[in-house]
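Reviewing the structure listed below.
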Amino acid sequence: MSEEKEETSFSILTIYDEPEKRRNVPESPGISSQHEHHAQSQLGEACGPPQQLPRYPRQHDLAYQEMSCVSPQQWAPQALDRSELQATQLSEAESEEAEPGLSSPPGSEVDEVVVRQMTPHKSWKVGKLRHGKKVHSLAISSSTHHVYTCGHGYIRVWDKSALHAWDHAPQAQLNLQDRQNCVLTCKLSPDEQSLITGGLSQTLTLWDLAPTPRIRAQLASTGPMCYSLAVSSNAQICLACFKGFVEIWDLQNQILIRKHEVPIYGSRCVDITGNKFWTGGEDTRLYSWDLRNYQRLQQHDLQHEILSITHDPSEEWLLVGLRMSDIVILHTHRREKFKAVLQKYVYHHNLKFSSCGSYFVSTLDESIRCLAAPSLQRLFQVEESTDILCCDVSSDNQYLVTGSKNSATVYQLLY
């Protein structure tokens with residue numbers, strides 16, 4: 001398939017704090033009537049009362065124009081009101097940190113089924129994991145609530161009791177064979193039984209996590225520094241992103257399938273959705289590639305450096321975090337692109353979609369924003385004292401963990 005270049009054309013979306021504010025935002029000149037007409041044509045006949053928010057955003061979608069049972073006036077993309085994107089002063093109840101000894105925030109006893117269907121309305125800081133060095137990457141398992149913090153020289157493993165403590169010792173420390181090695185990226189397998197890590201060594205390490213963490217295999221890579229990893233939903237394929245190329249690994253047989261060349265300045269981030277994978281970096285372009293024939297499919301000029309790429313649970317929508325804080329929302333198959341614009345230069349921009357698909361987390365330097373999907377309502381915002389280098393959300397949607405200068409911070413999500 002021949003490469004297709006996409007023009008830089010986005011519908012602008014608004015991040016807002018209250019549902020009432022959204023109705024009062026003026027529409028963007030030049031796109032409002034066009035998108036309202038598009039929404040009308042998609043809606044067709046009225047289809048009865050609004051339904052509950054679906055598990056995945058592909059069914060009812062403000063940002064993505066799949067609007068089946070709502071009014072076009074409510075769901076049409078709106079213009080950006082920059083006053084709404086300023087950091088809001090949170091109430092004491094929202095921003096208050098749990099004191100040492102407080103193990104359960106108020107209202108934390110929530111049925112797991114309810115948690116999977118709702119969006120959190122606030123977070124409660126419940127613990128600190130003292131890693132001792134920069135936490136460059138981390139992961140949290142929902143089945144055991146173990147947290148794995150990764151950095152220079154070692155990986156620390158924290159059990160559930162450490163999540164609600166402020167000076168708890170790690171359950172284990174996994175020393176890297178080369179103590180000069182630094183783990184820059186890690187990914188849990190979909191079944192959460194294994195962890196793959198990459199960084200400043202010419203190996204990718206595959207860890208078995210149960211009953212105790214141990215190295216299953218070390219995959220000899222050809223690049224000196226692995227920036228990013230992605231694992232397919234069936235756990236068969238792993239992508240490792242290096243400067244100028246992506247390694248495609250068969251995890252089942254632990255063999256290198258292909259060393260795939262990509263633009264040298266477009267190889268900072270990688271993600272995989274179905275039979276496509278995506279790369280991006282300093283050259284500001286998002287590239288999509290076919291996993292079957294390795295041809296470049298599309299190229300999107302996003303105008304700013306790409307710092308992170310992630311997808312929703314349906315693998316139909318891609319989120320791209322940019323250097324200027326903007327979030328690009330892109331359909332993986334259709335010609336639909338949207339952008340939430342913040343226009344703030346940042347050094348770190350991490351994105352993580354919840355497993356239920358009803359919200360995602362965006363970290364911008366010291367700020368954490370939790371946004372509803374697809375409405376982009378700001379559910380809560382938290383400020384940390386140092387830059388956030390990485391983040392993860394447990395797949396049971398109970399915990400958010402962020403990594404920073406020398407520790408990881410644990411937040412319990414309240415519903």
Is it fair to say Y347 is out of contact with any Asp or Glu (no Cβ under 8 Å at 6 or more places or on another chain), in contact (Cβ under 8 Å) with a residue 12 or more places away in the chain and either of a type outside the set (G, A, S) or buried (at least 16 other Cβ atoms within 10 Å of the Cβ) (or both)?
no
Within the range 255-281, restricting to residues that are polar (S, T, N, Q) and either open to solvent by 10 Å² or more (accessible area, probe 1.4 Å) or assigned to a loop (DSSP other than H, G, I, E, B) (or both), the one that is nearest to K352 (Cα to Cα) is S267
A careful count of residues in the range 133-190 that are among the small types (G, A, S), open to solvent by less than 40 Å² (accessible area, probe 1.4 Å) and over 17 Å from L400 (Cβ atoms) gives 4
Those residues of the range 317-336 that are surrounded by fewer than 21 Cβ atoms within 10 Å (Cβ to Cβ) and either touching a residue at least 40 places away in the same chain (Cβ under 8 Å) or β-branched (V, I, T) (or both) come to a total of 4
Filter the range 191-219 for residues that are in contact (Cβ under 8 Å) with a residue 60 or more places away in the chain and under 18 Å from the mean Cα position of the chain (by Cα); the one that is surrounded by the most Cβ atoms within 10 Å (Cβ to Cβ) is T197
Checked Y287, Y294 against criteria (in contact with a strand residue (DSSP E or B) (Cβ under 8 Å, 6 or more places away or on another chain) and over 30 Å from M324 (Cα atoms)); the one match is Y294
The number of residues in the range 220-254 that are within 13 Å of K187 (Cβ to Cβ), of a type in the set (A, V, I, L, M) and open to solvent by less than 10 Å² (accessible area, probe 1.4 Å) is 4
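The values are calculated or read from the model by the stated rules, or taken from the named source; none is laboratory data. Treat the numbers as computed from the prediction; the structure is a model and nothing was measured. Methodologically, a virtual Cβ is constructed for each residue, glycine included, from the backbone with ideal geometry; neighbour enumeration extends over all protein chains shown. Please note that ligands, DNA and RNA were not included when accessible areas were found on the heavy atoms of the full protein model with its side chains. Shrake-Rupley method; radii C 1.70, N 1.55, O 1.52, S 1.80 Å.
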